[in-house]
Structures are given as C-alpha cells and as structure tokens.
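Read the structure below first, then the notes.
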Amino acid sequence: MSTRFDTDAKRGLTLISPTAIYVLLLLAVPLATIFAFSFWSQDFLSIDRTLTLKNYREAFTDPIYRVFLLRSLWISGVVTVVTVVLAFPIAYFVSFHVPPERKALWIFLITIPFWTSYLLRAFLWKVILGFNGVLNSGLLGLGLIDEPLTFILYNTNAVVITLAHAFAPFTILPIYVALEKIDRSLLEASQDLGEGTARTFFRVTLPLAMPGVVAATLIVFIPTIGDYVTPRLVGGPDGLMIANMIQTQFLKLNNAPMGAALSVLAMGAVTLISLIFLFANRRFLK
C-alpha cells in the first residue's frame, strides 16, 4: 500500500511539475526579484546592492507616495462596490428570469466587451466623457445643461467609470455561476414558510450567492489597484494611481529600487485588505 501511495504521489508530482515550474519561473522569480530590488538603492546608473531600508523610509515619510497609495485604494474600492452592485441585478436576471435555452446567448452578449482591446475601450470612454464628447454634446442638444460638464473627465470620476465598465464582465460571471448553483427548492421552501420575496432574497438567495460576490470583489479589487493605463488616459493629474508612480520610478526617474519598494507596499496593502475581506466573509465560504 505504501508503494502504491509513493507511485501515485510521483505520478501526481510528474503531472503538476510543468505547471509548477512555469509558475515558479514567471511569477515567483519576478516577485522575489522585485522584493530584493526594494532593499537596494540606485547609484546614478548602477545598482548598489547594499541592503538598506531607505526606500521604505522614503515611501512612508514622503506625502506624495502616501497620497498615491491611498487614492489607489479608494478608487479600487469604489470601482469594486459600483461594479458588484450593478453586476448583481444583471446576473440575477439572467439566472432567474431568462429561459434556460437563452442563457447561453445572454452570457455570450455579456462577454462582447472582450472582443475589443482594453486600450481601445479606454480611448472610447475618453471620447464619450470629453469636453466636446458624446455625453456633453447629447446633454447640450437636449437642453439639460447650459455648458459642458467638466467633472466627468481627467479626474477620479472618469477612472471609476472606465474601470467599472472594463471589469463588469469579470463581476457578472462569477455571481451568475453562484446563483445558478442555488437549489430553487430552498427558495420555494422559504416562501412556503411565509417569507416574502424580499426576505427570501436577503435571507436565502444573497447568503448562498456570497461566494460569487466575494470572488467578483477580489477579481475586481486586486487588478484595478495596479492599473496604470486608464488613469494615464482619462485620470488627469488628480486621477493618477500608485501604478503610475511605479512606472515613473522605473522608466523615467531610473530608480528601480524605489519603484520596487512601492510595488511591495502596494502588494502588501492589497493582500492585507483581501485577507480582512475574506476573514469577514468566512462564514459564507464554508
């Protein structure tokens, strides 16, 4: 029996080894390199590999880095809340009100934004939200405003709108999958026991769908905090995020150690918030 176990273990290790090596080379090694860089310093054109905490001290003491990090966390949080709140009704409608033979069509329609480049979608929102863009021109034509709106582009509002649209499909799909797994007899039993539609939703449907909501939240929150394309295109000076500062440190200021330190701090902040969120929702994930 022991020999069989060893054989099965070796076979399992053989099967996962290519994937493990791939992950190690393309994920673990770059992360370890970034972590090591964060303890070095830039000496003009060369890297001083003497271990130091200077980059972290500067990151914690310089207000500009704190502003960028807090702004990034705020924008990512708002984008996550907006996206999940808007995605849940769509997923609920497709799961509970669309006939089974048409659900595949609806899922197909939801994935249509993936057909176009992410960069192209960001440029399109720039055209829509611009001073003379589609939105302002339409509102002026309808007589709803007297002058173009200026608070919808080159600020955090534009970043939130663009990122919420870009990550909407990533939010709808996991929530839809969670709703599809709910046993409909549980909802019928709740109503048979005298619960109304609203109470059934909040006491049965929503708790059972929480694994999908948690997954959608993490899928949106984690990558949005590292986005630098959208803030650069539509954010303006007040909409730039920590990823833009990291890009500046690496590519413009030639200060890779400082950029690495900011990257580590950003990853640490995301990890901490994600763990707190998972801990708060642990009873829904059992």
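The values are calculated or read from the model by the stated rules, or taken from the named source; none is laboratory data. Please read these numbers as outputs of a predicted model, since none were measured by experiment. Cβ atoms come from the backbone with ideal geometry, glycine included; neighbour counts cover every protein chain shown. These area figures cover heavy atoms from the full protein model, side chains too; ligands, DNA and RNA do not enter into them. Shrake-Rupley method; radii C 1.70, N 1.55, O 1.52, S 1.80 Å.
What ratio of Cα Rg to 2.2 N^0.38 Å holds for the stretch 89-157?
Dividing the Cα Rg of the stretch 89-157 by 2.2 N^0.38 Å gives 1.56.
If the only charges are +1 at each Lys and Arg Cβ and -1 at each Asp and Glu Cβ, what is the size of the charge dipole of the stretch 138-286 around the Cα centre, to the nearest 20 debye? All intermediate terms of the calculation are to be shown ahead of the outcome.
Numbers: 9 positive and 9 negative charges, 113 e Å.
Dipole of the stretch 138-286, to the nearest 20 debye: 540 debye.
Order 65, 228, 92, most accessible first, counting only protein heavy atoms with a 1.4 angstrom probe. Kindly include the intermediate steps, with their values, before the conclusion.
Values: 65 20, 228 105, 92 60 Å².
Ranking 65, 228, 92 by accessible area, largest first, yields 228, 92, 65.
In Å, what Rg and Dmax follow from the Cα atoms of the stretch 191-249?
19.8, 62
In the neighborhood of residue 43, defined by Cβ-to-Cβ distances under 13 Å, what is the net charge if each Lys or Arg adds +1 and each Asp or Glu adds -1?
Numbers: positive: 49, 54; negative: 48.
Taking every Cβ under 13 Å from that of residue 43, the sum is +1.
Starting at 0 and stepping by 5 Å, how many percent of the alpha carbon pairs of the stretch 213-279 end up in each bin?
Taking all Cα pairs of the stretch 213-279, the binned fractions are 4, 17, 21, 21, 19, 11, 5, 2, 0 percent.
With all distinct Cα pairs included, what does the Kirkwood hydrodynamic radius of the stretch 138-248 come out to in Å, to one decimal, could you say?
With all distinct Cα pairs of the stretch 138-248 included, I get 17.1 Å.
Quick one: if you take sqrt(5λ) for each eigenvalue of the C-alpha gyration tensor of the stretch 4-65, what semi-axes come out, biggest first, whole angstrom?
41, 13, 10
Suppose only helical runs count, i.e. DSSP H with n ≥ 4. What mean residue ellipticity at 222 nm does that imply for the chain under -39500 (n - 2.57) per run, divided by all residues and rounded to the nearest 500 deg cm²/dmol?
Rounded to the nearest 500, the figure is -22000 deg cm²/dmol.
Could you give the size of the charge dipole of the chain about its Cα centre, using +1 on the Cβ of each K and R and -1 on the Cβ of each D and E, expressed in debye and rounded to the nearest 20?
So the dipole magnitude of the chain works out to roughly 520 debye.
Determine the equivalent ellipsoid of the stretch 56-204 by diagonalising the alpha-carbon gyration tensor, then write out the semi-axes as square roots of 5 times the eigenvalues, largest first, rounded to whole Å.
One finds semi-axes of 36, 24, 17 Å for the stretch 56-204.
I need the semi-axes of the equivalent ellipsoid of the chain: take the C-alpha gyration tensor, multiply each eigenvalue by 5, square-root it, list largest first in whole angstrom.
Details: eigenvalues 279, 219, 64 Å².
Working through the eigenvalues yields semi-axes of 37, 33, 18 Å.
By Kyte-Doolittle mean hydropathy of at least 1.6 and Cα axial length of at least 27 Å, which whole DSSP H helices of the chain are selected?
The answer, listed by residue number, is 63-96, 256-280.
May I ask for the net charge around residue 190, where only other residues with Cβ less than 13 Å from the Cβ of residue 190 are counted and Lys, Arg are +1 while Asp, Glu are -1?
Details: positive: 184, 199, 203; negative: 183, 188, 192, 195.
In short, -1.
Mind jotting down the distance between the C-alpha centroids of the stretch 118-186 and the stretch 212-248, whole Å?
15 Å
Quote to one decimal, in nm, the extra length available between residue 33 and residue 195 on full extension: 0.36 nm per residue of separation minus the C-alpha distance between them.
Gain on extension, residue 33 to residue 195, equals 52.7 nm.
Take each of the peptides 125-135, 66-76, average the number of other beta-carbon atoms within 10 Å over its residues, and list them starting from the highest.
66-76, 125-135
Given the Cα-Cα distance of residue 180 and residue 51 and 0.36 nm per residue of separation, how much length would full extension add, in nm?
Value of the extension gain: 41.2 nm.
Relative to the present Cα-Cα distance, how much length would full extension add between residue 61 and residue 150 at 0.36 nm per residue of separation?
28.7 nm
Which of the aspartates and glutamates could a cross-linker span from residue 103 if the Cα-Cα distance has to be under 16 Å and same-chain partners fewer than 8 positions apart are dropped?
Residue 103 reaches 180.
Leaving ligands, DNA and RNA out of it, rank 10, 54, 181 by accessible area with a 1.4 Å probe, largest first.
Heavy-atom accessible area, descending, gives 181, 10, 54.
Can you compute the FRET efficiency between residue 252 and residue 139 using 1/(1 + (r/R0)^6), with r the Cβ-Cβ distance and R0 = 35 Å? Round to the nearest 0.05.
The pair residue 252/residue 139 has a calculated efficiency of 0.40.
Got a sec? Charge dipole of the chain, +1 on Cβ for Lys and Arg, -1 for Asp and Glu; which of 85, 75, 205 is way out at the positive end?
205
What residues from the stretch 249-286 fall in the zone where the backbone N is under 15 Å from a label point 7 Å along the Cα-to-C-beta line of residue 43?
Residues 257 qualify, since their backbone N sits under 15 Å from the label point.
Keeping every protein chain in place, order 205, 111 by accessible area at 1.4 Å, biggest value first, i.e. largest first.
111, 205
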